[in-house]
1. Go through segment 137-152 and give me each residue that's in a loop (DSSP other than H, G, I, E, B) and in contact with a Gly (Cβ under 6 Å, 6 or more places away or on another chain).
2. Which condition breaks for residue 84 when tested against (1) in contact (Cβ under 8 Å) with a residue 24 or more places away in the chain; (2) more than 17 Å from residue 122 (Cβ to Cβ)?
3. Give the residue that is farthest from residue 48 (Cα to Cα), with candidates limited to residues of segment 68-104 that are open to solvent by less than 50 Å² (accessible area, probe 1.4 Å) and touching an Asp or Glu at 6+ places or on another chain (Cβ under 6 Å).
4. For segment 117-140, enumerate the residues that are hydroxyl-bearing (Ser, Thr, Tyr) and open to solvent by less than 10 Å² (accessible area, probe 1.4 Å).
5. Would you tally the residues in segment 38-77 being among the polar types (S, T, N, Q) and within 15 Å of residue 103 (Cβ to Cβ)?
6. Which members of segment 157-171 meet the condition of being within 22 Å of residue 37 (Cα to Cα) and surrounded by 17 or more Cβ atoms within 10 Å (Cβ to Cβ)?
7. Give segment 51-60 a look and list any residue that's under 22 Å from residue 126 (Cα atoms) and buried (at least 19 other Cβ atoms within 10 Å of the Cβ), or say none.
Amino acid sequence: MRRTFAVLPALAALLFAAVPVSAATAAPNSPWTPAPSGPWDVAAGVRCDFPVHGEPVVDEVEQHVLETYPDGRTKRVVYRGDLVVRVTNKDTGASYDADAGGRAVVDYREDGSQFWRVRGPVLIGFAENRGTLPRGLYTVDGSYTMEIGATGYKTLTLQHAAIDALCTHIG
């Protein structure tokens, strides 16, 4: 599988230095729990010019909640593990297996916004005029951060990363 992205937040570098343990082999008292991704669909024109279906074909993602708000809601969580998403053009059946198994530390803010510190590939969708990339589906691989505003606007800040436009693979 061709990898075209890489990601890393400086604050999370120490967290990422550990060797990943899959959910299947995690110790019973491990703070890591499975964080499975479900299938998804987007209509034509939302991300690509055609309708798209995404479905995990490998999903070993797990999460570790690092911090919670006083009411118990998640404040900061780290995600890790292999994830490959099959992205399919629903009109033609053309598909592409996107490596999205990066590691991320995500801050969930009280206003609904999020801040991501990422290393490795992550699949990210951008709506028209709703972020720093044009409408589309992308794998971003490398070291970067992503701010998702309370309105959903995505600001991607690359330290050292590559971007692969997935719509072109299946269009």
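The values are calculated or read from the model by the stated rules, or taken from the named source; none is laboratory data. Keep in mind the model is a prediction, meaning the values are calculated, not measured. Using ideal geometry, Cβ is built from the backbone for each residue, glycine included, and neighbour counts are taken over all protein chains shown. Each accessible area value is taken on the protein alone, full model and side chains, heavy atoms only, with ligands, DNA and RNA left out. Shrake-Rupley method; radii C 1.70, N 1.55, O 1.52, S 1.80 Å.
1. Going residue by residue through segment 137-152, those that are in a loop (DSSP other than H, G, I, E, B) are 149-152.
Matches in segment 137-152: 150 only.
2. (2)
3. Of everything passing the filter in segment 68-104, 81 is farthest from residue 48 (Cα to Cα).
4. Keep residues of segment 117-140 that are hydroxyl-bearing (Ser, Thr, Tyr), which gives 132, 138-139.
The answer is 139, and nothing else.
5. Within segment 38-77, the subset among the polar types (S, T, N, Q) is 63, 68, 74.
Adding the requirement that they be within 15 Å of residue 103 (Cβ to Cβ) leaves 63.
Total meeting the criteria: 1.
6. The first filter runs over segment 157-171 and keeps only residues within 22 Å of residue 37 (Cα to Cα), leaving 163-167, 169-170.
Across segment 157-171, the qualifying residues are 163, 164, 166, 167, 169, 170.
7. Those that are under 22 Å from residue 126 (Cα atoms) and buried (at least 19 other Cβ atoms within 10 Å of the Cβ): 52, 54.
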